[in-house]
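Accompanying notes for the structure given below.
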Amino acid sequence: MKKWLILIGAIALEVMATLSLKGAMEHPALYIVVAIGYLGSFMALSLVLRAGMALGVAYGIWGASGVALTAVLSSLLFGEPLTALMGLGIVLIIGGVLCVELGSQAEHKKSEVA
């Protein structure tokens, strides 16, 4: 459970940093938030890997969740468009992440039995 909480933190930091990039164009002080967010995100991601989560799973969930959350939040915060096609893409991202996670779990269970 600890791994998952750290991964959620890494995702939140990455999304915060990415959204702050947009705001930093008008408010340059936000570049500090960008730097802290990205550094914190990578540090948390390395902790997740150190805790034993598979790289493909951790990076896949981190990257895909970041893309999906950034698209949704940029629509809410900045009024950027969120089209039906983009929504379909987000659903496909979620489906892909689930496939990676379920495949990883199945392989893990398989190796425990052997």
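The values are calculated or read from the model by the stated rules, or taken from the named source; none is laboratory data. Remember, it's a predicted structure, so these values are computed and weren't measured experimentally. Neighbour counts run over all protein chains shown; Cβ positions are idealised from the backbone, glycine included.
May I ask you to verify whether Leu98 is without any contact (Cβ under 8 Å) to a residue 60 or more places away in the chain and within 22 Å of Ala12 (Cα to Cα)? I'd like the intermediate steps shown before the answer.
On the way: without any contact (Cβ under 8 Å) to a residue 60 or more places away in the chain: yes; within 22 Å of Ala12 (Cα to Cα): yes.
The answer is yes for Leu98.
Of the helices (runs of 4 or more DSSP H) lying entirely inside the stretch 30-114, those carrying at least 1 residues that are of a type in the set (Val, Ile, Thr), loosely packed, with under 14 Cβ neighbours inside 10 Å and at pLDDT below 90 are 84-113.
Cβ separations smaller than 7 Å between residues 6+ apart or across chains give the following pairs from the stretch 60-89 residues that are within 14 Å of Thr18 (Cβ to Cβ) to residues that are in a loop (DSSP other than H, G, I, E, B) and of a type in the set (Asp, Glu): Ser74/Glu80. Here Val33 passes the criteria (1) among the aliphatic types (A, V, I, L, M); (2) in contact (Cβ under 8 Å) with a residue 40 or more places away in the chain; (3) farther than 23 Å from Lys2 by Cα except the one numbered (2). Annotation: Val15 fulfils all but one of (1) β-branched (Val, Ile, Thr); (2) loosely packed, with under 15 Cβ neighbours inside 10 Å; (3) under 14 Å from the mean Cα position of the chain (by Cα); the unmet one is (2). Ala17 passes every criterion in (1) outside any helix (DSSP H, G or I); (2) touching a Ser or Thr at 6+ places or on another chain (Cβ under 9 Å) apart from (1). Here Ser20 meets the list (1) at positive phi; (2) at pLDDT 95 or above; (3) of a type in the set (Gly, Ala, Ser) almost entirely, failing just condition (1).
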